[in-house]
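Visitor: First the structure, then my questions, so here it is.
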Amino acid sequence: MANFNANSTLSSTFYLTGIPGYEAIHHWISIPFCILYFIGIVGNCTILHVIRTDSSLHEPMYYFLAMLSFADMGMSLPTLLSVFQVLWSISREIEFNTCVTQMFFIHSFSFTESGVLLAMAFDRYVAICHPLRYATILTPQRIARIGIFAILRSSLPVIPLMIRLTYFPFCHSRVLSHSYCLHQDIIRLVCADTKFNFIYGLVLVTLFWGCDSLGILVSYIFILHSVLNIASWEARLKALNTCASHICAVLILYVPMIGLSIVHRFAKHASPLIRVFMAHIYLLVPPVLNPIIYSVKNKKIRKGIIHLITPKRMHPTLS
């Protein structure tokens, strides 16, 4: 009992890691991180504000886009404080409870974002394959239920992993691989049987990412089949163009996510720089690029942003 208490006391604090081998220039490295966080926060807040205030954007596609922006910020914002504490040499320490909370938000919102992308694929399927039934299938009430379900199905299954961590003794090094906490990173420091966490985590990843990606793939098979039945090439391109932003968002999330999971689970002897690089791509690229892609590719979003940043006196008055 005394030994367990000692281990628990020792494990109450963990030590975060910045960019290995580049500690001397962490202050300079923090500059691009500041820029990326700023772009991500401003971009997603702008998307949310434009959708909320512009009545022409009160449609299913844009409601799902708002959910995507919310999930992007939910995944990246919990890491902001710890990342800059490390890069600005303020502190490398993070309390165990804070670490678990940070992990919960990162993993829950990454699963939520995957679910939202599946919902957006379904939205594109209905819009292209069943346009006349679009408004009756994707009602505001149904969209709200989809959003609530996406959050609950992503957060509740993660709780057992977080709770189980509180019972583990940590007798190995308490130095983490990143400047924020990930379950696959902290579990390697446990000096007990972690088979449940490993298998359960693998099942969650397989079920969520696997089923979501399969659902997205099936949706696009039906979309492609429907588009190929359109006689006009111009109409085909127009239909496919409405999916371009979503396809980019899917690749931006899944490629870094799968890469990070592979590195942590199967490339344990790889260079620490690879893990750090993949982790920060996974964390920062979706929140930064998604608003940019949708602002560039979507005419209504672009018009709403221009309307927001342009002085009102420059807007044409309605007669």
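Visitor: Label 7 Å along Cα→Cβ of Cys171; segment 85-116 residues with amide nitrogen under 19 Å?
Guide: none
Visitor: Helix 272-297: angle to the longest alpha-carbon principal axis of the chain, degrees 0 to 90, nearest 10?
Guide: For helix 272-297, the angle is close to 20 degrees.
Visitor: Any idea how far the Cα center of segment 245-265 sits from the one of segment 78-125, in Å?
Guide: 15
Visitor: Please state the equivalent ellipsoid semi-axes for segment 197-271: what are the square roots of 5 times the Cα gyration tensor eigenvalues, largest first, in whole Å?
Guide: With the √(5λ) rule applied to segment 197-271, the semi-axes are 35, 14, 8 Å.
Visitor: To continue, here is another question. Let's test the formula: R0 of 35 Å, r as the Cβ-Cβ distance of Thr13 and Ile159. What FRET efficiency results, to the nearest 0.05?
Guide: It comes to 0.95.
Visitor: Taking the chain as a Gaussian network, Cα atoms linked when under 10 Å apart, which of Trp28, Trp88, Trp209 shows the biggest mean-square fluctuation?
Guide: So, out of Trp28, Trp88, Trp209, the one fluctuating most is Trp28.
Visitor: Once amide H atoms are built 1.01 Å from N in the peptide plane, which residues 5 or more positions from Glu93, or in another chain, come under 5 Å H to H?
Guide: Leu16
Visitor: Using just the helices of the chain, give the 222 nm mean residue ellipticity in deg cm²/dmol: DSSP H runs with n ≥ 4 each add -39,500 (n - 2.57), and the total is spread over all residues, rounded to 500.
Guide: Only helices count here, giving -23500 deg cm²/dmol.
Visitor: Isolated Cys in the chain by the 4.7 Å beta carbon test?
Guide: Cysteines lacking a close Cβ partner in the chain: Cys34, Cys45, Cys129, Cys211, Cys243, Cys248.
Visitor: Can you give the charge dipole size of the chain about its Cα centre, rounded to the nearest 20 debye, using +1 on the beta carbon of Lys and Arg and -1 on the beta carbon of Asp and Glu?
Guide: Roughly 700 debye for the chain.
Visitor: Under the 0.36 nm per residue contour assumption, what length would be gained going from the current alpha-carbon distance of Ile35 and Ile199 to full extension?
Guide: Extending this stretch completely gives an extra 55.3 nm.
Visitor: Ignoring ligands, DNA and RNA, what percent of the 1.4 Å accessible area of the chain is carbon and sulfur?
Guide: Here it works out to 71 percent.
Visitor: Over the chain, what relative contact order in percent results from Cα pairs under 8 Å that are six or more residues apart?
Guide: 27
Visitor: Averaged over every viewing direction, what's the projected area of the C-alpha convex hull for the chain? Give it in nm², one decimal, please.
Guide: In nm², the orientation-averaged hull projection of the chain is 20.2.
Visitor: For Ser91 and Cys191, FRET efficiency with R0 = 35 Å and r from the beta-carbon atoms, rounded to 0.05?
Guide: That gives a FRET efficiency of 0.85.
Visitor: In Å², and per residue, what accessible area does the chain have when probed at 1.4 Å with the other protein chains present?
Guide: 52
Visitor: Follow-up question, since we're still on this one. In whole percent, what relative contact order does segment 1-130 give with Cα contacts below 8 Å and a gap of six or more residues?
Guide: Across segment 1-130, relative contact order equals 35 percent.
Visitor: Right, something else. If the label point is 7 Å along Cα→Cβ of Ile309, which residues in segment 36-64 have backbone nitrogen under 19 Å from it?
Guide: Output list for this probe position: 36-54.
Visitor: Here's another thing I want to ask about it. Give me the number: length gained by fully extending Ser55 to Ala24, i.e. 0.36 nm times residue separation minus the C-alpha to C-alpha distance, one decimal in nm.
Guide: Full-extension gain reported as 6.1 nm.
The values are calculated or read from the model by the stated rules, or taken from the named source; none is laboratory data. Just so it is clear, the model here is predicted, and its values are computed rather than measured. Reconstructed Cβ throughout: ideal geometry from the backbone, glycine too, with neighbour counts over all protein chains shown. Side chains are part of the model used for accessible areas, which takes the heavy atoms of the whole protein and leaves out ligands, DNA and RNA. Shrake-Rupley method; radii C 1.70, N 1.55, O 1.52, S 1.80 Å.
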